[in-house]
Each structure stands twice: as structure tokens, then as C-alpha cells.
Amino acid sequence: MRPAALFPVVETACGRLRGLAVDGTLAFKGIPYGDDTGGANRFLPPKPPVPWAGVRDATGHGPYAPQLPSTRKGAYSDITLYDLQPGRMGEDCLVLNVWTSSLDPHANRPVMVHLHGGGWYSGSGSLPMFDGAMLSRFGDAVVVTLNHRLGAFGFLDLGAFGDERYADSGTAGMMDIVAALEWIRENIAAFGGDPSRVLVFGQSGGGVKTSALLAMPSAQGLFHRAGIMSAPSMRLMEPQESAGFAEAFLRQLQVGPDRLDALAGFSMEDLLLAQAAVERDFRTPGQGPRVFRPVILKKGAIPRHPFDPDAPPTAREVPVILGSTLDERTFRLNNLRLDWGGLEYEIAARVGDQAGWLIERYRAEDPQATPYLLQARIETDLMFRRGIHRIAERKLALEGAPVWQYLWTAPSPAYGGRYGATHSVDLGPSMYDIRHGLNGPADDNRILADAIASAWCAFAETGDPNNERIADWPAFDLPRRATMVFGADAIAAQDDPRGELRAFWEAYEESARAEPPRWM
């Protein structure tokens, strides 16, 4: 093989890059889309990357954002492998990865930008499960993943202390993603991509980030389709809440609000330890960290909540796919030996004397389900599915580009299927990669991957998920509520699947005057 074929070189606006060809896919990794965010650049909007001379190596992953180690306390953690981070931790983390089949600048392939999960505090676009090679080859698309600032480094709101330089520090991590999209607009044609057909999609934390992008005026026009998977967070953080977390962070470092410049002198490790202390003090049992998240400012980068009280006007012309899995909540629940009495006690704490009736409805739907699985399914319907329904309804009310909805019911085979259709079980198939622990290389999983990955690829290309592999997926509307169900036995659209349970939770939420779901 000729060196030029094995190590392709591409010209970008900042300089030339050397990638690596593997099985017909060209991979370029660790490409800087912004400057180092350490030292004097901390908590500030991202700056452009520094140009380089010669040919820069792009055959290995770049640094990932500073973060606390992911847990290994539990079987779910062992099958998602979030602790296996390629590269090294560092503040020079504004890097992205590109997979493409050729460097023809006139190929005009659709661009699929996948935002990683891990909430606002962990993960990276370099994790093995986000490798874009197989999706790029399957869909003849240009696939991009990226790293951005997380936790306090990306969302510490210093704006309340009067220093205008830090007015947008509470949204720095989201501004990083916008900077990556700007890089894509400027450079992706050199990788064979079409900058006018960019899909941004992500699962869990990646879906929440996609929701936030839909509400950001600076992101408008940089992407043209959106996918929100398992992430029904309609609200972000208000300044009055974020200010208290910022004050606690400064106290940990013994820095006064009039000495913000001193933050540039601390080590990365010092800042992470301060973040850990604040997360410990404000942690909500059973949830991930809820401390450092994007902040809403009327004159800031994110001027409103993504989908509360309605959908943002900036989302009007963007078609959206929304999806969730049947048993999302098993990724947080560990009470595998829950019995029927325990289940009724748990559900009565939420719905009172309706608990018995509600459990019977869920048992009738799935007589073989364990109490543990039914508790997770009930909590999923309230915390995940209800939010997905509301976002779909509010996007539809914009009377603009359409919205599609799906429900993944095929269970993960991991640990004998005890986690059901758990959180992230649709992620590998969406990336056309079933090698990981939640799925596995089996014919049934390949069929599911063929279906959902083809929908994402068609959506990126045309703005409509229908294609030869998965047809007859109607757009969501009312009262029909068409939903594509990815099941173990069948993949087909249904009108308002599980509608009785949906209606129950709607009525419950209305009667309880519950706050809109904000699971992350």
C-alpha cells in the first residue's frame, strides 16, 4: 500500500492533517477546533485554534475534558465501559474526530455530528462506543465526534460577580460545541462533507446538549437536523441557582469574588477537587451531579430554556427525531431483589392509593416482568417518556419542520436481559456498532442496527428517516401520535403505543402540578 493511501493528508484552514486509512474509512482524530482552555483562557468563550506549520499527526485521540473518574460500582457500569477514556485528561480538550470514505471536496456527503453522553460532567467523543468508522461506511456519511469542556470547567457561572469577561462562563461548554460546528462549516467540505446538511444528534447527555443547541441563536444555521435520544430535559439552570454553586466553588478554593483572575493560577487537579467537593455537598440521591450545568441568561448564549414553556423559535425549521427506551431507569436502580410488596410501597410513595391499579396495568402489559423491571418502567414513563411526549408536542406546535418519535423496546441481552431495554441500548445500533456490552454481535441485533442506523443516515441526508430499510415511519402529529417501535420481534410504526399509560401520567402530572421533568 502506498504511504499516501495509508496515511491520507487533508488541508484545513489551520494547516494540514495526517490521518489513517482503515478498511475503506479515513480517520482523522484529535483535530483542534479551539485553543487551549487552561490558564488565562479558563471559563472564557472558546478561542480559535492556533494554526500550525507542516503536517500535524491526526492518527490518535486528543485530550478529553477534565472530569472525575466514572464509577465501576455496578454491573451497568461494567457493560457501558465509560471509564475507558482514550487519550489523556487535559484542558487542551477542544478537539474533534472525523471519519469519511474519501477526501473528494465535491462529494457533498451528509454530515453526522454525534454529541457524547455523560451528562454535563463526564465522557468524551473519543470513547470506544462513539467510534464513527462503521456508521460512516454504512451510511456513506462524514461522521464527527467531539470533546468539549465539562463540569465546573464548562459551566461554572461566574457572571454574578460583576466581571464582564466571565458573563458567559456558565455556558462555556455549549459555546465550545458551537465553535466545533463553526469549524465544521468552514472545513468539512475538505473531508467530503456537505456543510448544508449537518445532523446533530446524541443520546442521554448528548441529547440534552442537542436540545440546548436548538435554543441557541449562535447555533442557528450551523446544523439542519437534530436527534434527541433519551434526554427529555426541557429546562436548564437559572442564574439564582447557579450563583450559589459558584460561591461554594470559590469557597473551596478560598478565592474571593473580587479575585477571579486568581483562578488561572490553580492546577487542573485543584479545580477538580473543588468541583468534587461542591458536587458532594449538593448531590441528589439517585441522580448524577446536578451542580454545574448551562445557565439561562436573557442576553447570554442560551437566552431561554430549550422546551419550557414552549419550543424555541430557533427550532422551527429544524426537523427533529425524538426517542427513548422502554426501561431507561434501570441504569440507576440497583434493587434487583425488589418483591411485589416492595414495588407497591415504592409506587404508592408517588401515586398514593392508585398504586395497586397502576401496577396491574403494567403487569398486564408484560406479565413476565420482574418487580424491579416494572419499577424502572414506571419511573421511566414519568421521568423520560413524559418529557419526550411534551417536547414532541411543543415542537409540533411551532408548525414548522416535522418531528418523528420512536420507542425502543428490544431488551439488552446483558446479564440475561435483567435490565430490559435499558438506557443506552439504542446507542450502539444507532452508530451501527453492536460490539459493545449492551448489545452484542448477534443476527437480531444486526437487524435492529440496520433499521435504526439507516433511519439516522437517511435523516441526515434528506431530513426524513424513511428509507428502503425502514419505511412507513409517519411524522408525529396529534391525536395520532405515530411512533416507530423498535422491538425484538417487529419493527413497525404504531399509533400512540402504550397510550393508556401515557394518559395516566399526563393526568398525574397535571393533578400534581409537577415541575417539568428535569432528570439531568
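The values are calculated or read from the model by the stated rules, or taken from the named source; none is laboratory data. In this text the structure is predicted, and so the values were computed from the model without any measurement. All Cβ positions, even for glycine, are placed from backbone atoms using ideal geometry, and neighbour counts span all protein chains on display. Note: accessible area is taken over every heavy atom of the protein model, side chains too, but ligands, DNA and RNA are not part of it. Shrake-Rupley method; radii C 1.70, N 1.55, O 1.52, S 1.80 Å.
How many residues, within segment 21-40, are closer than 19 Å to residue 124 by Cβ, out of contact with any Lys or Arg (no Cβ under 6 Å at 6 or more places or on another chain) and surrounded by fewer than 20 Cβ atoms within 10 Å (Cβ to Cβ)?
Selection size over segment 21-40: 2.
Looking only at segment 251-271, which residues are assigned to a helix (DSSP H, G or I) and more than 28 Å from residue 218 (Cβ to Cβ)?
Of everything in segment 251-271, those that are assigned to a helix (DSSP H, G or I) and more than 28 Å from residue 218 (Cβ to Cβ) turn out to be 251, 252, 253, 262, 265, 269, 270.
If a residue has to be over 30 Å from residue 384 (Cβ atoms) and open to solvent by 30 Å² or more (accessible area, probe 1.4 Å) to count, how many in segment 235-250 make the cut?
Total satisfying the criteria: 1.
Let's see how each residue does on (1) modelled with pLDDT of 95 or more; (2) open to solvent by less than 10 Å² (accessible area, probe 1.4 Å); (3) part of a helix (DSSP H, G or I); (4) within 21 Å of residue 405 (Cβ to Cβ):
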{"site": "299", "(1), (2), (3), (4)": "no, no, no, no"}
{"site": "304", "(1), (2), (3), (4)": "yes, no, no, no"}
{"site": "307", "(1), (2), (3), (4)": "yes, yes, no, yes"}
{"site": "317", "(1), (2), (3), (4)": "yes, no, no, yes"}
{"site": "321", "(1), (2), (3), (4)": "yes, yes, no, yes"}
{"site": "324", "(1), (2), (3), (4)": "yes, yes, no, yes"}
{"site": "335", "(1), (2), (3), (4)": "no, no, no, no"}
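Can you tell me which of (1) open to solvent by less than 10 Å² (accessible area, probe 1.4 Å); (2) farther than 25 Å from residue 396 by Cβ is the one residue 484 doesn't meet?
(2)
Residue 71: more than 28 Å from residue 301 (Cβ to Cβ), exposed (fewer than 13 other Cβ atoms within 10 Å of the Cβ) and either modelled with pLDDT of 95 or more or touching a helix residue (DSSP H, G or I) at 6+ places or on another chain (Cβ under 8 Å) (or both), yes or no? Quick ask: steps written out before the conclusion?
On the way: more than 28 Å from residue 301 (Cβ to Cβ): yes; exposed (fewer than 13 other Cβ atoms within 10 Å of the Cβ): yes; either modelled with pLDDT of 95 or more or touching a helix residue (DSSP H, G or I) at 6+ places or on another chain (Cβ under 8 Å) (or both): yes.
For residue 71, the condition - more than 28 Å from residue 301 (Cβ to Cβ), exposed (fewer than 13 other Cβ atoms within 10 Å of the Cβ) and either modelled with pLDDT of 95 or more or touching a helix residue (DSSP H, G or I) at 6+ places or on another chain (Cβ under 8 Å) (or both) - is met.
For segment 386-412, which positions are modelled with pLDDT under 95 and open to solvent by 10 Å² or more (accessible area, probe 1.4 Å)?
386
Can we say residue 171 is within 18 Å of the chain's Cα centre (by Cα), farther than 30 Å from residue 106 by Cβ and in a helix (DSSP H, G or I)?
Answer is yes for this residue.
Output the residues belonging to segment 235-250 that are in contact (Cβ under 8 Å) with a residue 24 or more places away in the chain, under 23 Å from residue 264 (Cβ atoms) and not small (Gly, Ala, Ser).
245, 249
Look at residue 444 and say whether it is without any contact (Cβ under 8 Å) to a residue 60 or more places away in the chain and either among the β-branched types (Val, Ile, Thr) or assigned to a loop (DSSP other than H, G, I, E, B) (or both).
Numbers: without any contact (Cβ under 8 Å) to a residue 60 or more places away in the chain: yes; either among the β-branched types (Val, Ile, Thr) or assigned to a loop (DSSP other than H, G, I, E, B) (or both): no.
Taking the combined requirement at face value, the residue does not satisfy it.
Can you name the residue in segment 205-234 that is in a helix (DSSP H, G or I) and open to solvent by 10 Å² or more (accessible area, probe 1.4 Å) and is also farthest from residue 400 (Cα to Cα) among such residues?
First, the residues of segment 205-234 that are in a helix (DSSP H, G or I): 205-214, 217-219.
If we keep only those that are open to solvent by 10 Å² or more (accessible area, probe 1.4 Å) too, we end up with 217-218.
On the way: 217: 17, 218: 20 Å.
The selected residue is 218.
Looking at segment 43-102, which of the residues that are of a type in the set (Phe, Trp, Tyr) and not in a strand (DSSP E or B) is nearest to residue 420 (Cα to Cα)?
Step by step, filter segment 43-102, then rank; the result is 76.
Applying the selection to segment 277-297, what residues are in contact with a Gly (Cβ under 9 Å, 6 or more places away or on another chain), open to solvent by less than 40 Å² (accessible area, probe 1.4 Å) and among the aliphatic types (A, V, I, L, M)?
291, 295, 296
Taking the stated definitions as given, is residue 462 within 21 Å of the chain's Cα centre (by Cα) and either over 22 Å from residue 224 (Cα atoms) or among the hydroxyl-bearing types (Ser, Thr, Tyr) (or both)?
no
Which members of segment 447-476 meet the condition of being touching a residue at least 24 places away in the same chain (Cβ under 8 Å), acidic (Asp, Glu) and out of contact with any strand residue (DSSP E or B) (no Cβ under 9 Å at 6 or more places or on another chain)?
Correct list: empty.
Working only within segment 428-470, note down all residues that are open to solvent by 60 Å² or more (accessible area, probe 1.4 Å) and over 29 Å from residue 79 (Cβ atoms). Steps first, please.
So in segment 428-470, the residues open to solvent by 60 Å² or more (accessible area, probe 1.4 Å) come out as 435, 441, 443-444, 446-447, 461-462, 468-469.
Those that are open to solvent by 60 Å² or more (accessible area, probe 1.4 Å) and over 29 Å from residue 79 (Cβ atoms): 461, 462, 468.
Could you give every pair whose Cβ atoms fall below 6 Å, whose first residue belongs to segment 251-268 and is closer than 16 Å to residue 44 by Cβ and surrounded by fewer than 14 Cβ atoms within 10 Å (Cβ to Cβ), and whose second residue is aliphatic (A, V, I, L, M) and modelled with pLDDT of 95 or more, counting only separations of at least 6 or pairs across chains?
These pairs meet every condition: 262/255; 264/40.
(1) open to solvent by 20 Å² or more (accessible area, probe 1.4 Å); (2) closer than 25 Å to residue 219 by Cβ; (3) free of Cβ contacts under 8 Å to residues at least 60 places away in the same chain: which one isn't true of residue 127, the others all being true?
Tallying (1) open to solvent by 20 Å² or more (accessible area, probe 1.4 Å); (2) closer than 25 Å to residue 219 by Cβ; (3) free of Cβ contacts under 8 Å to residues at least 60 places away in the same chain, residue 127 fails exactly one: (1).
Quick check: is even one residue across segment 130-137 under 26 Å from residue 437 (Cβ atoms), assigned to a helix (DSSP H, G or I) and under 13 Å from the mean Cα position of the chain (by Cα)?
yes
Being open to solvent by less than 20 Å² (accessible area, probe 1.4 Å), touching a strand residue (DSSP E or B) at 6+ places or on another chain (Cβ under 7 Å) and aliphatic (A, V, I, L, M) is the requirement here; does residue 17 meet it? Break it down into steps so the answer makes sense when it comes.
On the way: open to solvent by less than 20 Å² (accessible area, probe 1.4 Å): yes; touching a strand residue (DSSP E or B) at 6+ places or on another chain (Cβ under 7 Å): yes; aliphatic (A, V, I, L, M): yes.
Yes, satisfied.
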